[in-house]
Amino acid sequence: MLAQQGDFASHLEHLASVGAVGSEVREPADLNDLDGLILPGGESTTISKGLERDDLSDRVIEFGREGRPILGTCAGMILLARDHLGLLDISVKRNAFGRQRASFEEELEIPGIAPGDPFPCIFIRAPWVEESGPEVEVVGELDGHPIAVRQGSTLALSFHPELSDDDRVHGAFAAKCREARDSGDR
Amino acid sequence: MAERGTFRVKTGLAEMLKGGVIMDVVDAEQARIAEESGACAVMALERVPADIRRDGGVARMSNPAMIRGIQEAVSIPVMAKARIGHIAEAQVLESLDVDFIDESEVLTPADEANHIDKFEFEIPFVCGATDLGEALRRIGEGAAMIRSKGEAGTGNIVEAVRHMREITGGIRRLGTLSATELPSAAKELGAPLEIVREVATSGWLPVPLFCAGGIATPADAALMMQLGAEGNFVGSGIFKSEDPERRARAIVEATTHFADPERVAAASEALGDAMTGIEMSALGDDGRLAERGW
């Protein structure tokens with residue numbers, strides 16, 4: 001759990017409730033022995049400067065290229081895009097829905113990440129994906145704009161599953177981390 | 001159906017600001033320096049608290065043109081202050097599309113009895129509190145974030161420390177009470193029983209708790225995070241210091257690495273002079289801003 005800035009505590013609560021052990025990453029050594037990494041919501045400018053300051057950018061890129069699962073929410077999506085870490089072949093429009101007054105919550109059906117009931121999606125000054133490369137799978141859309149995308153073992157969401165009471169996204173992520181660890185596929 | 005302005009959407013932005021530093025800025029140039037230094041948001045105001053203190057007179061909402069200039073200069077959230085109880089100033093700020101409104105004792109209060117009904121707005125509000133009762137009253141009125149009410153513009157952390165300890169200590173005390181004892185506790189706190197019950201059960205406020213007032217050094221920022229603040233507001237402490245950009249970076253770094261004294265030490269080196277501080281006893285009764293609001 002990247003802990004430079006943002007709502008990492010909410011992610012940790014969700015991880016705990018699906019039976020996964022989460023820890024805070026503030027410096028490169030904290031990444032050792034992790035089976036997966038979450039880039040939280042927060043201010044992407046602040047987090048990206050923190051990653052540079054703490055020598056974490058290259059290590060996170062390496063972490064992702066080894067095939068270890070990564071989940072990015074909101075600011076996390078922006079950080080995973082081409083302009084920053086480049087772990088996803090996407091370009092992102094920041095604050096795409098507008099300023100805070102335009103922030104909203106909506107139940108959306110996104111079978112690719114939460115099969116069954118609609119998922120309570122909370123969008124806070126959220127980004128959307130503007131354009132993506134051939135290896136990127138669009139998992140969810142809102143009004144024609146991709147809001148959930150996957151490439152390999154990296155998943156990025158425009159919204160905040162960590163602010164909802166729904167654990168399905170975190171449950172699936174924890175399962176993927178266990179799978180990656182057990183297969184020893186690094 | 002998309003729903004805007006719900007409690008979850010309002011507190012959602014407060015959640016996004018956690019672990020970060022919100023900096024007071026008076027123009028677009030300062031806003032850019034703040035963003036470049038890693039601020040997670042800026043507070044747009046005409047004069048920083050140290051100058052409001054010096055100049056005296058009535059302190060009001062900032063000029064909309066100045067707020068717009070700052071909104072155009074940065075991509076991080078922009079907050080602005082309305083006077084306590086000044087509904088029309090808050091409406092103006094909402095129409096300007098600011099991201100967060102601070103109903104602030106730093107400005108001259110407009111209503112001596114009533115705070116703004118914050119449920120009437122789609123924009124989230126942050127309000128100051130000196131103790132748990134005050135925090136819960138503000139949450140009862142719809143605040144989406146609480147901050148301490150440390151004496152702004154003094155560069156003295158002592159009041160913010162008192163408020164943070166009052167609030168977190170009050171939360172712990174509620175946790176020791178039985179369900180039968182909570183109504184009486186709510187009466188003593190002067191706070192809504194429903195929220196008192198929620199805090200007693202969860203062990204924390206239903207909204208994020210930040211520190212504001214008196215932070216002047218990286219160590220001040222680290223102290224407040226250790227005392228339970230989930231993020232820091234810094235007012236005069238940055239742009240009233242000798243080297244604002246470097247101090248801003250250092251306070252951001254100390255807020256993230258608050259539990260690592262070596263990092264706080266490294267951040268504290270070569271900063272130039274901090275702002276000149278003011279001892280509380282030098283303020284006199286009229287100079288105490290924390291006593292505004294109830």
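Coordinate-derived values only; no laboratory data. None of these values were measured; they are calculated from a predicted model. Because the Cβ atoms are built from the backbone with ideal geometry, glycine has one as well, and the counts that use them run over all protein chains shown.
Summary of values
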| read-out | value |
| --- | --- |
| Exercise: per-residue mean of other protein chain Cβ atoms within 10 Å, A:101-112 | 5 |
| Relative contact order for segment A:25-141, counting Cα pairs under 8 Å that sit 6 or more residues apart, in percent | 23 percent |
| Listed residues B:Ser75, B:Ala113, B:Phe233: farthest to the positive end of the dipole of chain B (Cβ charges) | B:Ala113 |
| For chain B, calculated [θ]222 nm from helices alone, where every DSSP H run of n ≥ 4 adds -39500 (n - 2.57) | -12000 deg cm²/dmol |
| Relative counts (whole %) of C-alpha pair distances in the protein assembly as shown, using bins that are 20 Å wide | 25, 57, 17, 0 |
| GluC sites (Glu not before Pro) restricted to segment B:23-116 and DSSP loop, no more than 11 other C-beta within 10 Å | B:Glu112 |
| 18 Å cut-off, amide nitrogen to a point 7 angstrom out along B:Asp117 Cα→Cβ, residues in segment B:170-207 | B:192 |
| DSSP-assigned coil residues among GluC sites (Glu not before Pro) in segment A:42-78, each with at most 12 further Cβ atoms within 10 Å | A:Glu66 |
| Spatially proximal lysines relative to B:Lys187 (Cα-Cα < 25 Å; intrachain offsets below 8 disregarded) | B:Lys118, B:Lys149 |
| Shielding by partners, peptide B:4-10 (average Cβ within 10 angstrom, other chains) | 6 |
| Inter-chain shielding of A:38-50 (mean C-beta neighbours from other protein chains, 10 Å cut-off) | 6 |
| For segment A:126-186 versus segment B:208-276, the gap between their alpha-carbon centres in whole angstrom | 35 Å |
| Spatial separation of Cα centroids for segment B:73-149 and segment B:1-65, in angstrom | 11 Å |
| Charged-residue dipole, Cβ positions (Lys, Arg, Asp, Glu), chain A about Cα centre, Debye nearest 20 | 380 debye |
| Efficiency of FRET between B:Glu262 and B:Glu36 - r from beta-carbon atoms, R0 35 angstrom, step 0.05 | 0.90 |
| Spin-label pair A:Glu141/A:Val21, simplified geometry with 7 Å Cα→Cβ offset, distance in nm | 4.3 nm |
